[in-house]
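Bear in mind that the values in this text are calculations on the coordinates, not laboratory data. Everything quoted here is computed from the prediction, not taken from an experiment. Reconstructed Cβ throughout: ideal geometry from the backbone, glycine too, with neighbour counts over all protein chains shown.
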Amino acid sequence: MITDGRRRKGEQRRRQLLDATMRVIERAGVAAVSQRVVAHEAGVPPSAVTYYFPAVDDLLVAALADCNDIYLSGLDACARDADPIAALARLIADGTGARRAYVAAEYELFLIAARRPEMQPEAARWADAVDAFLRPYADDPIVRAGVAAAVDGLLLRCFVSAEPPSADEVHAVLARLVGH
């Protein structure tokens, strides 16, 4: 039986490895991720990485799930906001600031999910969460799909544009699309 202390230490080590993985991806891209590189980044022996993540793909799936958890928590907070659509616009526009390198790592993880079946459930989890968030604002699934595509496109536009749209500009687009 694992004691709470051992479990907590294991969770802390797992968190340390995921954070190191994201730093490697931020700095050098997904192709640079290996168990040895992540171990070096985290300051732990390579065996510590293989204990928690037997293969690099396990590490990448966990990193994508972790990114998703952060965004899904953000979506949940948006849904509880007095103006959920404005809150979503702020969440979208957030990728232009201090988190820019982290957002780059997230995008890279999502893009490789298209080629790696073990990562596709995480991409679907995001799409399902956006659809659920938008349901109160768009009954028609076709309209919802269009707004969801706009959300993804706006996230990308905010990230890659030299002069990204502000949260107010993103809000104007989303509000128009949902008739809000």
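General observations
- Three-way shape label, the chain, alpha-carbon gyration tensor, a/c 1.5: prolate
- Going from the residue with the fewest nearby Cβ atoms within 10 Å to the one with the most, Asp69, Asp58 rank Asp69, Asp58.
- Added length on full extension, which subtracts the Cα-Cα distance from 0.36 nm per residue, Ser34 to Glu163: 43.0 nm
- Karplus-derived 3J(HN,Hα), 6.51/-1.76/1.60, for each residue of segment 59-67, Hz, glycine and proline x: 5, 5, 4, 5, 5, 5, 4, 5, 4
- Mean separation of Cα contacts under 8 Å (6+ apart) over length of the chain, as relative contact order %: 23
- Net charge dipole, the chain: roughly 680 debye, given to the nearest 20, about the Cα centre with Cβ charges of +1 for Lys and Arg and -1 for Asp and Glu.
- Extension gain, Glu118 to Arg7, is 37.4 nm, computed as 0.36 nm per intervening residue step minus the present C-alpha separation.
- Centre separation in Å (Cα based) which lies between segment 65-84 and segment 119-157: 13
- Given charges at Cβ of Lys, Arg, Asp, Glu: the chain dipole, positive-most of Val143, Ala32, Leu91: Ala32
- Charge sum, other residues only, whose C-beta stays under 12 Å from Ser34's C-beta, Lys/Arg counted +1 and Asp/Glu -1: -1
- Kirkwood analysis of the Cα pair distances in segment 45-139 returns a hydrodynamic radius of 14.7 Å.
- Derived scalar couplings ³J(HN,Hα) [segment 109-119; Karplus, 6.51 cos²θ - 1.76 cosθ + 1.60; whole Hz; x for Gly, Pro]: 5, 5, 5, 6, 4, 5, 9, 10, x, 5, 9
- Cα centre as origin, Lys/Arg/Asp/Glu Cβ charges: segment 1-54 dipole, Debye: 180
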